[in-house]
1. Counting each DSSP H run of 4 or more residues in chain B as -39500 (n - 2.57), what helix-only mean residue ellipticity at 222 nm follows after dividing by all residues, to the nearest 500 deg cm²/dmol?
2. Just order B:390-398, B:354-362, B:268-276 by mean Cβ neighbour count inside 10 Å, highest at the front, would you?
3. With a/c under 1.5 counting as rounded, go ahead and sort the protein assembly as shown into rounded, prolate or oblate using the C-alpha gyration tensor (a ≥ b ≥ c being the square roots of the eigenvalues; past the cut-off, prolate if a/b is larger than b/c, else oblate).
4. Compute the Kirkwood hydrodynamic radius of region B:1-126, taking the inverse of the mean of 1/r over all pairs of distinct Cα atoms, and give it in Å to one decimal.
5. When you look at the Cβ of every residue in A:34-42, what mean number of other chain Cβ atoms sits within 10 Å?
6. Quick check for you: which residues of region B:385-416 have the amide N under 14 Å from the point 7 Å beyond the Cα of residue B:194 toward its beta carbon?
7. Once you place label points 7 Å from the Cα toward the Cβ at residue B:324 and residue B:171, how far apart are they in nm?
8. Order these peptides, B:367-375, B:427-435, A:29-37, by their mean beta-carbon neighbour count within 10 angstrom, highest first.
């Protein structure tokens with residue numbers, strides 16, 4: 001059993017060391033971009049309650065694409081507002097759960 | 001005569017409108033990651049309380065059948081499953097989209113889903129009592145061996161990553177043990193945490209985290225590499241329709257898998273699409289599965305739609321729904337005054353209208369999907385910098401919708417990181433989900449079977465069905481490992 005476990009562990013850990021079964025290597029991880037992705041999502045969730053779902057979502061959908069290289073604020077604002085309102089409306093209709101209202105003070109205006 | 005009056009009800013202008021509207025809304029809701037037929041029904045069920053019974057049921061059944069197809073379109077175009085039922089669709093669907101064949105895939109799925117749903121309806125109407133009789137005789141030991149068989153299939157889904165796939169399947173299995181013990185009610189692996197004690201780890205949260213958040217993180221980290229802009233013209237919608245008609249055997253086989261998985265409560269579409277995919281890819285090992293084989297998108301869709309309809313069989317004839325979505329359909333029919341039970345299938349024109357509408361809705365979502373295929377396929381051309389944040393928002397909402405707690409969303413974020421690592425290592429994600437779904441099924445039924453054994457003194461595992469499943473599991477489990485060993489040996493000798 002121990003032998004099987006050790007061989008399984010080696011099999012699994014090999015790719016983590018960057019070695020592929022065919023001898024090639026994996027693409028390098030761009031840590032800064034990964035940190036940006038996770039950081040943005042964590043920030044979005046952290047502000048979910050204090051800001052409220054709609055405002056937080058609009059801010060997130062404006063800020064993230066800008067940081068990722070899409071720089072047309074008017075287009076972004078339109079997409080962000082439409083997405084936030086549509087989701088809040090669908091959620092209001094379909095779910096017993098209430099989205100955090102935050103500074104707007106109402107879950108669904 | 002009954003069917004004629006049913007048809008008469010369906011073709012009333014208001015009801016026809018309800019049918020088409022249900023398909024369109026279901027399709028679009030389904031495309032949102034994390035929101036499937038269950039969410040679509042919760043959304044619209046309260047709105048239909050005041051509708052006439054026939055109109056309400058026609059609208060809901062077309063909504064129900066179209067939602068999974070919508071999710072499949074997301075799976076093909078952006079490589080995120082709209083619903084756990086669309087996981088296998090991604091395996092070949094997204095490679096097809098990258099080759100500029102998204103339109104072909106969307107059309108082929110529409111036709112395959114339509115055929116799958118229709119075949120299941122024929123089963124539902126004709127041999128429902130017989131099917132229910134068989135399903136009722138499936139005991140805990142059989143369920144347990146079915147789950148073991150499903151876990152053994154994990155190795156087969158992963159090809160040359162069979163070992164890693166099994167480990168990931170084990171991780172998924174472990175997540176299902178967090179929270180309340182199904183038999184004794186004591187808490188396991190909760191470490192005094194209120195959230196884990198109350199909710200455990202819900203598999204819908206795992207799916208949203210791994211697929212929606214994980215792939216968004218990968219998209220952002222790799223720049224545009226995760227979803228390549230499709231430069232090839234989106235064509236081949238008709239060739240997709242024709243391809244579906246050229247593979248009747250595969251579609252019928254997948255539909256049979258789907259009906260089987262739907263009739264047995266608790267298996268459901270999250271499993272049936274993967275099993276149908278595995279069956280086709282194992283029966284045709286030279287078929288370039290995973291590289292854009294059109295059968296690889298048709299089989300899961302045919303199975304999904306067959307399962308959705310087949311889930312209504314135990315729901316309507318016994319009042320036992322096997323999934324959330326069929327429980328909601330059951331609620332819908334009871335709210336509108338129809339009584340589930342053995343006599344459900346005879347006598348009422350509204351019920352006849354419901355089945356005719358279910359039949360027609362298969363055609364209507366396929367036609368709408370095919371008509372919109374070119375437009376929907378363009379979704380893959382949205383820049384990653386916009387698409388990834390939108391998928392993150394949808395994913396968070398999808399996780400929040402499970403219980404309405406922020407804990408689910410935080411858990412989804414953690415699984416998003418796990419999903420990112422797995423995707424980065426180019427390992428398959430499906431085994432974790434399979435493990436998480438099969439875990440409770442295996443554990444609860446195993447312990448129930450043991451209790452029966454202690455009570456009766458006779459082992460339920462020694463009856464023919466569990467033994468057959470055991471042999472099949474061993475075969476399915478060993479073949480991919482043996483193939484791996486053999487290919488490693490030939491590589492070493494060469």
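The numbers here are math on the coordinates, done by the rules we state, and not lab data. This one's a predicted model, so the numbers in the text were calculated from it and none came from an experiment. Because the Cβ atoms are built from the backbone with ideal geometry, glycine has one as well, and the counts that use them run over all protein chains shown.
1. That calculation yields -24000 deg cm²/dmol at 222 nm.
2. B:268-276, B:390-398, B:354-362
3. Because its axes are fairly even, with a/c under 1.5, the protein assembly as shown counts as rounded.
4. Averaging 1/r across every pair of different Cα atoms and inverting gives 15.4 Å.
5. 6
6. B:405-408
7. Going from the residue B:324 label point to the residue B:171 one covers 2.4 nm.
8. So the order, starting with the most tightly packed, is B:427-435, B:367-375, A:29-37.
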